[in-house]
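Notes follow the structure.
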Amino acid sequence: MQSNNEAFSPYTTFSRAEWSQLSSGQPLPLTEEDVNALRSLNDALSLTDVVEIYMPLARLIHMYVAATQNLYHATNGFTGNAVEKVPYVIGIAGSVAVGKSTTARILQALLAHGPDQPRVDLVTTDGFLFPNAVLEARGLMHRKGFPESYNVRRLIRFMADIKSGRPGLAAPLYSHLYYDIMPDEFQIVDRPDILIIEGLNVLQRGSRSSKRSSRIFVSDFFDFSIYVDADEKHLQEWYIARFLRLRETAFRNSASYFHRYASLSVEEAITVGRRIWQDINAINLRLNIEPTRERARLILEKGANHSLQRIRLRKL
């Protein structure tokens, strides 16, 4: 029976079983090897998750894309403006360690196998962080990932150019190895059919740290938005587990910004990972990321072990 809270919610809630029934019955275009390659470090995404959660989601988004294109053509007919088709933009938000990157890559792969084989690009907002030199000069290195650590003006200009149909746009690239922007490396985005924008704060509408906030926000350019959600206790566990894995892998590279952590014992690494989570990521989550959850068109709710449990879809 529907509770009063659910009756007045702007979302329709689906259990995993209910959502999985919304698949079109089309064969899965990805193999287990494909999923393994797309899965982020320490994410437990399975082939079953792709079939039961992401295939129905991809089907829904294709419906939204088709409906938006019809509206686009109708509006152009009404106004008499023959503007070129612009990308359909999907925003994906959520905490550090929640699995945003996995969600973005899986969706990119599935959407590209949809009707008419659309071209689907993926851009992460990490590339729009200020360089470390700028963050250090502004005393913001300890707040990397907070809204004020991003070059929001550059990101909004990029989004405006995307929605203006401009070709050959250059998105800056970020290196997780060097923990910094790569000054001479760019991703070229050339009018894809669908563009996925993935980042911590992409659904935010203004900064708490500034009395003045832009009237234009990154999310204003989104046609569809997704928030990947999980309890904070799970997020902390996943972050520490990932930190331990990185200690055994990427941190061992002498070029890594975090190479100093490679020599930590397991106990020391857990202590450091927990401190980083509590002093930085948890604060950013509570102040800036989690408050944007209800702005999403669709919320993916995860339980323990990254298992997808519920889907909340905003009512039209």
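The values are calculated or read from the model by the stated rules, or taken from the named source; none is laboratory data. Fair warning: this is a prediction, and the values are worked out from it, not measured in the lab. Neighbour counts run over all protein chains shown; Cβ positions are idealised from the backbone, glycine included.
Can you name every residue in the stretch 31-42 that is in contact with a helix residue (DSSP H, G or I) (Cβ under 6 Å, 6 or more places away or on another chain), of a type in the set (A, V, I, L, M, F, W, C) and at pLDDT 90 or above? Answer for the stretch 31-42, where residues must be in contact with a helix residue (DSSP H, G or I) (Cβ under 6 Å, 6 or more places away or on another chain), of a type in the set (A, V, I, L, M, F, W, C) and at pLDDT 90 or above: VAL35, LEU38.
Regarding the stretch 101-120, can at least one residue be identified that is assigned to a strand (DSSP E or B), under 21 Å from VAL218 (Cβ atoms) and small (Gly, Ala, Ser)? Walk me through it before giving the result.
Taking the stretch 101-120 first, the residues assigned to a strand (DSSP E or B) are 120.
Among the residues that remain, those that are also under 21 Å from VAL218 (Cβ atoms) are: 120.
Filter once more, so that each one left must be small (Gly, Ala, Ser): none.
Scanning the stretch 101-120, I find no residue that is assigned to a strand (DSSP E or B), under 21 Å from VAL218 (Cβ atoms) and small (Gly, Ala, Ser), so the answer is no.
Beta carbons closer than 8 Å, at least 6 apart along the sequence or on distinct chains, pair a first residue in the stretch 132-153 that is within 21 Å of PRO183 (Cβ to Cβ) with a second that is acidic (Asp, Glu) for ASN132/ASP180; LEU140/GLU148.
Counting only helices (runs of 4 or more DSSP H) that sit wholly inside the stretch 10-99, those with at least 2 residues that are in contact with a Phe, Trp or Tyr (Cβ under 9 Å, 6 or more places away or on another chain) and of a type outside the set (Lys, Arg) are 55-79. Among residues of the stretch 263-287 that are under 15 Å from GLU237 (Cα atoms) and without any contact (Cβ under 8 Å) to a residue 60 or more places away in the chain, those with a Cβ under 6 angstrom from a residue that is among the basic types (Lys, Arg) and in a helix (DSSP H, G or I), sequence gap 6+ or separate chain, pair up as ALA269/ARG247.
For the stretch 230-257, a residue qualifies if it is among the aromatic types (Phe, Trp, Tyr) and either in contact (Cβ under 8 Å) with a residue 12 or more places away in the chain or surrounded by fewer than 19 Cβ atoms within 10 Å (Cβ to Cβ) (or both), and the qualifying residues are TRP238, TYR239, PHE243, TYR257.
Only one of the numbered conditions (1) surrounded by fewer than 17 Cβ atoms within 10 Å (Cβ to Cβ); (2) over 16 Å from ALA93 (Cα atoms); (3) of a type in the set (Lys, Arg); (4) touching a residue at least 24 places away in the same chain (Cβ under 8 Å) is not met by ARG157, and that is (4). Of everything listed in (1) of a type in the set (D, E, K, R); (2) without any contact (Cβ under 8 Å) to a residue 12 or more places away in the chain; (3) touching a Lys or Arg at 6+ places or on another chain (Cβ under 9 Å), the single unmet condition for ARG191 is (2). Number of residues in the stretch 121-137 that are surrounded by fewer than 16 Cβ atoms within 10 Å (Cβ to Cβ) and in a helix (DSSP H, G or I): the value is 4.
If we scan the stretch 89-112, do we find a residue that is of a type in the set (D, E, K, R) and more than 12 Å from the chain's Cα centre (by Cα)? Checked the stretch 89-112: no residue is of a type in the set (D, E, K, R) and more than 12 Å from the chain's Cα centre (by Cα). I need the full set of residues from the stretch 116-141 which are among the charged types (D, E, K, R), modelled with pLDDT of 95 or more and either more than 23 Å from the chain's Cα centre (by Cα) or more than 28 Å from PRO87 (Cα to Cα) (or both), in order please. Residues satisfying the conditions are GLU136, ARG138.
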